[in-house]
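Participant: Structure in C-alpha cells, see below.
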Amino acid sequence: MIQIPVLYSKIHRATVTDAQLAYQGSITIDAHLLELAGLHAFQQVQVYNITNGNRFETYVIEGPAHSGVIQINGAAAHLANRNDLVIIAAYANIPQEMAANWQPKLVYVNPQNQPKPAPDPSALLAVAY
C-alpha cells in the first residue's frame, strides 16, 4: 500500500511571543491551539517564518491554555524573533486512496494568537488572480 505525506494540520500566521536561546530546543504552543490543531506534546512540527523566510523543524511543548504563547526555544531562537509571523505545520502519511478526500485541520489566529474564523475561500481565490 502506497503512503503519501499530506498536511495534517497547521496554525496559520501565529505571532511569536518570545524567543529563548538559553532553553532546550522546541516550540511552546498554547494548549488550546494544540487541541484545535490536533497536535500533541513532543510531536514534530515544521515552522515557516513569514517575516524573514526561515524554516526549521522542531518539536512541540505544551504551553498554558488560552495564553496565546508561541515561544521559539533553543537554537531555533536564532531563526525567529518576538512579533515574527509564523506558520506551524505538521504532516502525516496516509494511504494514497485517502488523499483525494483529505482535509487537514487548519487553525487561524488573530495577532494575539487567539482562534478566529477561517477566511472566506472565495476571497482567497480573488486574491490569486
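Yes/no per residue for (1) modelled with pLDDT under 95; (2) of a type in the set (S, T, N, Q):
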| position | (1), (2) |
| --- | --- |
| I2 | yes, no |
| Q20 | no, yes |
| A37 | no, no |
| Q44 | no, yes |
| V47 | no, no |
| S67 | no, yes |
| Y91 | no, no |
| N113 | no, yes |
| K116 | no, no |
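Participant: Can you list the strands (runs of 3 or more DSSP E) found entirely within the stretch 1-86 that contain at least 2 residues being open to solvent by less than 40 Å² (accessible area, probe 1.4 Å) and among the β-branched types (V, I, T)?
Facilitator: Of the strands (runs of 3 or more DSSP E) lying wholly inside the stretch 1-86, those with at least 2 residues that are open to solvent by less than 40 Å² (accessible area, probe 1.4 Å) and among the β-branched types (V, I, T) span 3-15, 26-30, 44-49, 55-63, 70-73.
Participant: When the stretch 1-45 is examined, which residues are found to be over 11 Å from the mean Cα position of the chain (by Cα) and free of Cβ contacts under 8 Å to residues at least 40 places away in the same chain?
Facilitator: A22, A31, E35, H40, A41, F42
Participant: If you don't mind, another one. Restricting to the stretch 8-32, what's the tally of residues that are more than 17 Å from Q46 (Cα to Cα) and touching an Asp or Glu at 6+ places or on another chain (Cβ under 8 Å)?
Facilitator: 1
The values are calculated or read from the model by the stated rules, or taken from the named source; none is laboratory data. The shown structure was predicted, so the numbers you read here are calculated from the model rather than taken from an experiment. Methodologically, a virtual Cβ is constructed for each residue, glycine included, from the backbone with ideal geometry; neighbour enumeration extends over all protein chains shown. What goes into the accessible areas is simple: the full protein's heavy atoms, side chains included, and nothing from ligands, DNA or RNA. Shrake-Rupley method; radii C 1.70, N 1.55, O 1.52, S 1.80 Å.
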